Amino acid sequence: MQKRYTLGIDSSTQGVKACVYDPAEDRVAATASVNFGADLPQYGCPDGVLPNPDPLVKQSDPMMWLDALDMLFGRLNSAGAPMSEIAAIGGDGQQHGSVYLNRNWREILPALNPERTLAEQLATAFARPAAPIWMDSSTGNECRELSARFGGRLQTDTGSPAIERFTGPQIRRFWRTCPEEYANTTDIHLVSSFLCSVLIGGTAPIDRGDGAGMNLLNLHTNVWDPEIAEFTAPGLIKKLPPVRDGRAGNLHPYFAKYGLRPGIPVAVWTGDNPASLVGCGAEKPGCAVVSLGTSDTFFAAMDHFHTDPDGCGHVFGNPAGGCMCLTCFKNGSLARDRVRREIGVDWKFFDETAFDLTPPGNLGRQALPWFEPEITPPSKELGIKANFDYAAAAPEVKIRAVVEGQIGNMREHTRWIGDFSEIRVTGGASRSRGIREVLADIFKAQVVPLEVTDSAALGGAKLAAKELE
Ligand code: XUL
C-alpha cells in the first residue's frame, strides 16, 4: 500500500520548521528548518524581530516569513523527504502576530506563479510592511480603553482581559496611529491564517485556538464578537477571515515545484501553543505541558471553562475540541542564554553542574531575569530582580537562583489552573536536567521529557492527519 505522510509547518518567532509525519506508524519521517537570523540575514531580523528604538515595539517582516516558507520547502525536497507521498498539510504560527493586506492580496493569491518566489509576487500586497508580534507591549493605552469599555466581559467572553500583545489591541493601535493604512487594509490575518492562505491560494479561516488570542473571538458563540470588534476598530469584522476548524482548502499548484501534489487538503492552521498541545499528546485533560522556548509557556487541556482571576493566564480553543489554558512568560530561553553568557559558562555547566553544586531551594535565594518587559506578571522593569546580592554570588548560585525564580513564578501564576501530577516538558531547554529537577521539586509532579523537540510542527502534522480520516 502506498505510504501516506502528512506535513506540519511551524512558523515561530525565530524560524520555521517542517515535520513530515507517518500517521500509520506514529513516526516522524523527515524534518527541515530555516532560521531567520542565520538563513535570511538580508532582512536584518536577528531572533525574528526588527530592530526598533522603542523597546516596547516588537515587529517582524512578513516578507521574510514568505521567503522562509519557500526555503523550507526547498530544503525538505533537497533532503529527500517523500514530497509526492505527502497527503495533507497542517501548520501553526506564533500566536497574536498580525499581517495587514491590501486589495492586491486576494487578486495575487490564486494566480501564484511557480517561476517567481512568494515574496516577489506578494510584495505589493501589504497595507503595512511590518507585522506586530507577540513580544510587543506598546498597546497599554488601547488595553485600558478596551477594559474601560467592556470590563470583565472581555475575559469571560474572549477568554482573556485586554492584553498588550493580543491582536485586537494591536489593530486598535494601528487604526489610531495609521488611519489611512488601516482604511487601505482589506484583510487582517494572524501569522497562522496568513501562511495557510498562501498555501491554498485564497482566504484561510482562523481557528478557535489561535483566534482566542485576539481579544475579539467570543468563545461562547465561536464567532467574532460584533460589539468588541467594532469598538476595537471601525469596520473590523469585514477585514477578518471567518472562524472555523477543519479543512482550509486545497494546496495551490504553485507548490508542485517542490514535488508536492497540488490539490491535497490543507487543514486550518492554529497557534503554536494549541499545536504543541496536540504534538505533545496532551489534548485530553490530565497532564500539563511546559514548553521552554523563546517564551516559556505552561498549558493544558481544560475540562471546564474558567479564567485566571489575576488576568495573566488565557483560555484558548483546543484544536481537539473544548478549551485549553495557557500562561506565557516572555523571558524564557533568550533570558537564560543571556544569564549564561554574562556569567561566562557553557551549557553543560548551566544545565547540570550548577545544580550538582547547589542545594534545592538555594537557601532561599531567587532571581528573575527580565530583559524584556515581562507578561506574567506584567512588568516593564528591566534587569535581574534578586532577593540577595546577585552580583557577588558564585556562578552556580546565580544559575539556580534564576531557574528557581522562573519556575517558582510559573507555579504562582498557574495555581488558578489546578494541580497536575504529570508535567510533560518540551522545547530546547527541556534538555536541561537541572531545569527538569526544579520543575519536579516546585510542582511536586512527575516530569516527563518529550523526545519530540518540535512539538508544534508535529501537532500541525497530526491535525493534518485528521483530513485523511
Ligand atoms: C502565547 C504567546 C507566545 C507565542 C510565541 O500567548 O504569546 O507563546 O505564541 O510562541
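Before moving on, here are some points about what is shown:
- Condition met for ASP70 (away from the ligand (no atom under 16 Å from the Cβ), within 27 Å of THR167 (Cα to Cα) and loosely packed, with under 15 Cβ neighbours inside 10 Å): no
- Just so you know, in segment 11-29 the residues that are open to solvent by less than 40 Å² (accessible area, probe 1.4 Å) and not aliphatic (A, V, I, L, M) include one that is farthest from the ligand (Cβ to nearest atom), and it is ASP22.
- Criterion applied to GLN366, GLN406 was being open to solvent by 10 Å² or more (accessible area, probe 1.4 Å) and either within 14 Å of the ligand (Cβ to nearest atom) or in contact with a Gly (Cβ under 7 Å, 6 or more places away or on another chain) (or both), and the one residue passing it is GLN366.
- Residue count, segment 97-106 (criterion: part of a loop (DSSP other than H, G, I, E, B) and either open to solvent by 10 Å² or more (accessible area, probe 1.4 Å) or more than 9 Å from the ligand (Cβ to nearest atom) (or both)): 2
- Unmet criterion (only one of (1) away from the ligand (no atom under 16 Å from the Cβ); (2) among the β-branched types (Val, Ile, Thr); (3) closer than 22 Å to VAL315 by Cβ) for VAL191: (1)
- Subset of segment 329-348 [closer than 18 Å to SER430 by Cβ and not in a loop (DSSP other than H, G, I, E, B)]: PHE329, SER333, LEU334, ALA335, ARG336, ASP337, VAL339, ARG340, TRP347, LYS348
- In segment 246-296, counting only strands (runs of 3 or more DSSP E) that sit wholly within it, the ones holding 2 or more residues that are buried (at least 24 other Cβ atoms within 10 Å of the Cβ) span 265-267, 288-292.
- Among residues of segment 399-427 that are in the same structural domain as HIS306 (by TED's automatic domain parsing), those with a Cβ under 6 angstrom from a residue that is in a loop (DSSP other than H, G, I, E, B) and of a type in the set (Val, Ile, Thr), sequence gap 6+ or separate chain, pair up as ARG400/THR358; HIS413/THR376.
- Among the residues of segment 325-332, at least one is aliphatic (A, V, I, L, M) and crowded, with 22+ Cβ neighbours inside 10 Å.
- Positions within segment 122-146 being assigned to a helix (DSSP H, G or I) and open to solvent by 20 Å² or more (accessible area, probe 1.4 Å), in sequence order: ALA123, THR124, ASN141, ARG144, GLU145
- Only one of the numbered conditions (1) under 30 Å from ASP26 (Cα atoms); (2) open to solvent by 30 Å² or more (accessible area, probe 1.4 Å) is not met by ASP441, and that is (1).
The values are calculated or read from the model by the stated rules, or taken from the named source; none is laboratory data. No experiment lies behind these values; they were computed from the predicted model shown. Every residue, glycine as well, gets a Cβ built from its backbone with ideal geometry; the counts of neighbours run over all protein chains shown. The area values use the complete protein model at the heavy-atom level, side chains included, leaving out ligands, DNA and RNA. Shrake-Rupley method; radii C 1.70, N 1.55, O 1.52, S 1.80 Å.
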